[in-house]
Amino acid sequence: MPATFRHFAINADDMPRAKRFYEEVFGWRFTPWGPPGFYQTRDAGAGMLGALQGRRAITPDLKLNALETSFGVEDLAATIAAVEAGGGQILMPRVRIEGVGDLIYFRDPEGNVLGAMQYDKGVWDA
């Protein structure tokens, strides 16, 4: 079951400071996307989509304090089954992001929190 590293999100408490930092350090340009306070960059590498967003909790007791990563998968249901069969735990059940795809977050057996996204057709053609 192949997976492609497709997306990362930088969680920030001070969005203007974080935006300025990454624009100055890496030369990335962020454009507003989705709800207020969410930005995207396509400057981080071919086939890679980056986000800058306000820090949030993905479960009531889990507020991410690290780089958030997600992998593109062809079959999210099969990925969920494989995560659970491999000793991982689904933290956030399948959520639909309109125009993008379906997303889950899971914890691997080592305690790492990762995302998996089944992207809608055409998302990576743009």
Worksheet item: Within segment 112-122, is there a residue that is of a type outside the set (Phe, Trp, Tyr), without any contact (Cβ under 8 Å) to a residue 12 or more places away in the chain and within 20 Å of ILE10 (Cβ to Cβ)?
Response: yes
Worksheet item: Is segment 23-41 home to any residue that is more than 25 Å from TRP124 (Cβ to Cβ), among the hydrophobic types (A, V, I, L, M, F, W, C) and either assigned to a helix (DSSP H, G or I) or not assigned by TED's automatic domain parsing to the domain that holds LYS121 (or both)?
Response: yes
Response to the item:
Selection over segment 73-87 where residues are outside any helix (DSSP H, G or I) and either touching a helix residue (DSSP H, G or I) at 6+ places or on another chain (Cβ under 8 Å) or polar (S, T, N, Q) (or both) yields a count of 1
Worksheet entry | Filter result (at pLDDT below 85, surrounded by 11 or more Cβ atoms within 10 Å (Cβ to Cβ) and within 15 Å of VAL100 (Cβ to Cβ)) within segment 16-46 | GLY34
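The values are calculated or read from the model by the stated rules, or taken from the named source; none is laboratory data. Just so it is clear, the model here is predicted, and its values are computed rather than measured. Methodologically, a virtual Cβ is constructed for each residue, glycine included, from the backbone with ideal geometry; neighbour enumeration extends over all protein chains shown.
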